[in-house]
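Asks: Shown below is the structure under consideration.
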């Protein structure tokens, strides 16, 4: 069969697109393509197995994909290391993925440098990586950069990045923007706008926004 078609057919079975939903067929098709050397299928099978909590097998397929230079496979492998032990390996893998232009890896490696997780704490590297991802349109990186700049008391620049994240519908960005309007950070105090952005984030289940909205409504 066509190796390239197998994972796409597997995806159709996994989501019930034009065929009856069948997770077993999805897994079998992924395996057929993965075992024939498709890096795309190896990554997707790794992700499927990860959700099934078959972590050791998932890890093996991420390794196979990463060894072929598959960017998302490298990211998946880094994710496994980051959640388990061996964060030094995660940093190494993220660095490789960053070189390949992986935006999510830029953001995750930035977080590792900001927190000193598995790497030496380096705020300048963290900021640079956040900017790389944020300027490529990653909403979470835009929020992370906004929060980073806010902590550095660079409020006017911080709010610009919160706006970018909020405009993409990211709840954390909406909350950050509400917080700036509430306290007048980088802008004039505007309780109406603060309430608007808190409410948007709260509607998405963002707990901090729910708490701050209640405090605002209580006049605290």
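The values are calculated or read from the model by the stated rules, or taken from the named source; none is laboratory data. This is a predicted model, so every value here is computed, not measured. Every residue, glycine as well, gets a Cβ built from its backbone with ideal geometry; the counts of neighbours run over all protein chains shown.
Asks: Consider residue 11 carefully, then state whether it is surrounded by fewer than 17 Cβ atoms within 10 Å (Cβ to Cβ), without any contact (Cβ under 8 Å) to a residue 12 or more places away in the chain and assigned to a helix (DSSP H, G or I).
Replies: no
Asks: I would also like to ask the following. Output the number of residues of the range 28-42 satisfying the condition of being part of a helix (DSSP H, G or I) and surrounded by 20 or more Cβ atoms within 10 Å (Cβ to Cβ).
Replies: 8
Asks: Restricting attention to the range 14-31, which residues are modelled with pLDDT of 85 or more and over 29 Å from the mean Cα position of the chain (by Cα)?
Replies: 20
Asks: Looking at the range 43-90, which of the residues that are outside any helix (DSSP H, G or I) and at pLDDT 75 or above is surrounded by the most Cβ atoms within 10 Å (Cβ to Cβ)?
Replies: It comes out as 70.
Asks: Same structure, new question: Going through 49, 100, 129, 64 one at a time, which residue ends up being within 30 Å of residue 174 (Cβ to Cβ) and touching a helix residue (DSSP H, G or I) at 6+ places or on another chain (Cβ under 9 Å)?
Replies: Going through 49, 100, 129, 64 in turn, the sole match is 129.
Asks: List pairs: first residue in the range 87-107 and in contact (Cβ under 8 Å) with a residue 40 or more places away in the chain and at positive phi, second residue buried (at least 18 other Cβ atoms within 10 Å of the Cβ) and in a loop (DSSP other than H, G, I, E, B) anywhere in the structure, Cβ distance under 8 angstrom, at least six positions apart or on different chains.
Replies: Pairs found: none.
Let's see how each residue does on (1) at pLDDT 95 or above; (2) within 22 Å of residue 70 (Cβ to Cβ); (3) not in a loop (DSSP other than H, G, I, E, B):
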site	(1), (2), (3)
104	no, yes, yes
114	no, no, yes
120	no, no, no
130	yes, no, yes
